Amino acid sequence: MTPSQSTADVAVVGLGRVGLPLALSFADRGLRVVGVDNDPARLEAVRAGTMPFQETGTQELLDRVHASARLSLSERVADAARARHIVITLGTPSFSHIEIDMRDIRSALDDLLGVLSTGHSLILRSTIAPGTTEFVAGYLAKHRGFQIGEDVFVAHAPERIAAGRFLAEIDTLPCIIGGVGARSGEEVAELFGVFDAPIVQTTPVQAELAKIWANILRYTTFALPNLLMMDCERHAANVFEVIDLINRDYPRGGIAQPGLTAGTCLRKDFAFSEERSAAPGMLLAVSRVNESVPLFLLEGAKRRLGSLANRKVAVLGLAFKADTDDERDSLAHKLIRLLERELADVAVHDPHVSTPTVSFEDALDGAELVVVAANHSEFREQRALAAIAERAAPDCLVVDPWNCWGAAQVFAYASELVALLPAHPTPREARG
Ligand SMILES: NC(=O)c1ccc[n+]([C@@H]2O[C@H](COP(=O)([O-])OP(=O)(O)OC[C@H]3O[C@@H](n4cnc5c(N)ncnc54)[C@H](O)[C@@H]3O)[C@@H](O)[C@H]2O)c1
């Protein structure tokens, strides 16, 4: 089927945390959408009208789209060619070799190769290593002889929205479009013009660099206070007081707060620069700092409590950041594995994730160590600290790199923390 005979306006290939909200948003703006995913359970959930993950406002959006019947679903990537615009929102993990894993994108490209025709546009919304858009354009030119930018259009339009803010940011964040050849940029701008966000045209590689470097900036921004937290422990200093000294009334301050820094984007996107870096190892070191925070917290606890073997440890939060149900690439999992290797009895509570966890009360009862792994809003309330003091063991140590209750102690006993609580604690901002 050629785009002139198309029965849909846009196809979204990969109905994950990026693709599904985008497909629903296109449909909500009146476009006829084909949603493609090779996971039957994912398709079944959408068909049944149930969002398979939390994303603010999207259940209501799915309800509306269901009623409008503007979204059709398929397991076959080739069905995407029913639409003029094909948006790829597949996962792009990193191999442990510090190299982009493009297998899903390559597989979708091969499925599309035979069905693409003049007038189609292929938009890479996934996060990709510099040069990938030109590779995709070259692949289509090589195997099908298309003139990219003249008869078939290829562009990178990176997803820059933070989890939980999709519907707010789709209409506000500048939409970067890096089109290949003469007309790809304007073709793709027509599609994204259904949203209210300003469109910024650039080259494909600049779009790729802008996306990954925004995440590298964020990853590095959080590595610095995490390294400072470790430095402070060595010098018996208080990291929150040092951060306050750096930032207070100082125009060149601005260091962030410590915490567990990971998640499916930050943890791997740096690798897309590191794989051919001019300063090999620099970003790897940033990653190592963030990756060593769970071990730092565990060792700090052991220094204060001694062996953790056969002692109950409550881990609060499995998600990779506050107030999300996304636990992919969360450092909480690493922390739990490390605790288990100490033969600790680990009890986990998270009110957001779909993985079953024990109740807040059951996690705390008799715990000798409580680690706040994700700073969910529920944990930042004073009553959460009160519950820890009430239910955990009398000399329970609390590890809170987030400064959830404004007590400004990474390691403190629950009794001390309750006494230190300011009248009006200022919980730290959620990271994401
Ligand atoms: N999650 C975020 O917050 C976020 C933000 C910005 C950018 N990104 C980037 O967007 C991309 C997608 O991320 P995500 O979190 O939505 O990933 P995801 O894993 O949630 O979604 C990918 C979807 O593609 C499906 N899939 C895999 N292979 C397929 C195939 N061959 N054919 C059809 N469907 C297939 C999977 O079943 C899954 O539903 C990645 O490059 C990621 O780095 C993600």
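The values are calculated or read from the model by the stated rules, or taken from the named source; none is laboratory data. Quantities reported herein were computed from a predicted structural model and do not represent experimental measurements. All Cβ positions, glycine included, derive from the backbone under ideal geometry; neighbour counts span all protein chains shown. When the accessible area is computed, the model is the full protein with side chains, heavy atoms only, and any ligands, DNA or RNA have been set aside. Shrake-Rupley method; radii C 1.70, N 1.55, O 1.52, S 1.80 Å.
For ALA141 and THR221, what does the FRET efficiency come to when R0 = 56 Å and r is the distance between their Cβ atoms, rounded to the nearest 0.05? With R0 = 56 Å, the Cβ-Cβ based efficiency is 0.90. The stretch between ALA236 and ALA168, if pulled fully straight at 0.36 nm per residue, gains 20.2 nm over its current Cα-Cα span. Given R₀ = 25 Å, what would the calculated FRET efficiency be for GLN5 paired with GLU44, taking r from the Cβ atoms and rounding to 0.05? With R0 = 25 Å, the Cβ-Cβ based efficiency is 0.30. Nearest 0.05, what FRET efficiency do ARG341 and ARG288 give at R0 = 25 Å with Cβ-Cβ as r? According to the calculation, E is roughly 0.85. Once Rg and the Kirkwood radius are both taken over the C-alpha atoms of region 25-155, their ratio Rg/Rh works out to 0.99. Summed over qualifying helices (DSSP H, 4 residues or more, each -39500 (n - 2.57)) and divided by its residue number, the chain shows a 222 nm mean residue ellipticity of -11500 deg cm²/dmol. Over the chain, the alpha carbon radius of gyration divided by the compact-protein estimate 2.2 N^0.38 Å works out to 1.08. Note that the chain presents 42 Å² accessible area per residue, ligands and nucleic acids not counted, probe 1.4 Å. Highest mobility in the GNM of the chain, judged by mean-square fluctuation with C-alpha springs under 10 Å and restricted to PRO21, PRO401, PRO198, is found for PRO198. Annotation: amide H-H contacts under 5 Å for LEU122 (H modelled 1.01 Å from N, sequence separation of 5 or more, or interchain): ILE86, PHE153, VAL154, ALA155. Highest-first packing order for the peptide set 259-267, 305-313 is 259-267, 305-313, based on the mean count of other beta carbon atoms within 10 Å.
With each label modelled as a point 7 angstrom along the Cα→C-beta vector, the SER96-THR56 pair spans 3.7 nm. Taking the average, over residues, of other Cβ atoms within 10 Å as the packing measure, peptides 221-233, 41-53, 320-332, 185-197 rank 320-332, 221-233, 185-197, 41-53 from highest down. Using a Gaussian network model of the chain in which every pair of alpha carbons under 10 angstrom is joined by a spring, one finds that among PRO158, PRO174, PRO258 the greatest mean-square fluctuation is at PRO174. Distance between the modelled labels on ASP249 and ALA67, one decimal in nanometres: 5.6 nm (7 Å Cα→Cβ projection).
On full extension, the segment bounded by GLU390 and ASP151 gains 79.2 nm, given 0.36 nm per residue less the C-alpha separation.
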